[in-house]
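Data block below; observations after.
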């Protein structure tokens, strides 16, 4: 696939009411830009400055650097996407922040639900990686993101789908917490067993 070539839809039929849409039709794309190096801070002054995937956590990024003269700004709720080696990983901005050239911010408009767009980006992450594979190092630009074609249902259906998805993700989180608690109990079992033995309870 050539650089700047849009990801095209396949031959599958979409459900009634759905359509293929370019990401740039329904979202604003803000390409990151690195501010001057002398505006960086290693302590909280100015805005948190996120530069790439290294700042990402499972859902929200963690600030390690701040900037007193930000050039490109993401707002709370914007999707943050890594656009330079690696291409594709996503997070959500939970605060106003400065974004460097390793990231872009995606701001859904009225026709797009944030969590639906986030799920679509993760679904098409492999396609985004292919877009960045032609350069010296993997990278995509704002135009690549704007030209990404995604299946888009009406906004009410997007919200219905993401409500189900979020509930399923919450259930997975609860199951993981329970499993971790069980694992912790298993890890503590030898010490508990020995303690009982020391007290003549075995």
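If you go through the range 76-97 and keep only what is buried (at least 19 other Cβ atoms within 10 Å of the Cβ) and part of a loop (DSSP other than H, G, I, E, B), you end up with 78, 93.
Are any residues in the range 57-75 more than 13 Å from residue 32 (Cα to Cα) and buried (at least 19 other Cβ atoms within 10 Å of the Cβ), and if so, which ones?
Passing the criteria: 61, 66, 67.
In the set (1) surrounded by 21 or more Cβ atoms within 10 Å (Cβ to Cβ); (2) assigned to a strand (DSSP E or B); (3) without any contact (Cβ under 8 Å) to a residue 60 or more places away in the chain, the condition left unmet by residue 116 is number (2). When the criteria are applied in full, residue 151 fails the requirement of being in contact with a strand residue (DSSP E or B) (Cβ under 9 Å, 6 or more places away or on another chain) and buried (at least 21 other Cβ atoms within 10 Å of the Cβ). The residues listed here are 44, 61; of these, the one that is outside any strand (DSSP E or B), under 14 Å from the mean Cα position of the chain (by Cα) and farther than 22 Å from residue 143 by Cα is 61.
Each value in this text was obtained by applying a stated rule to the coordinates, not by laboratory testing. Note that the structure is a prediction, hence the values are computed from the model and not measured. All Cβ positions, even for glycine, are placed from backbone atoms using ideal geometry, and neighbour counts span all protein chains on display.
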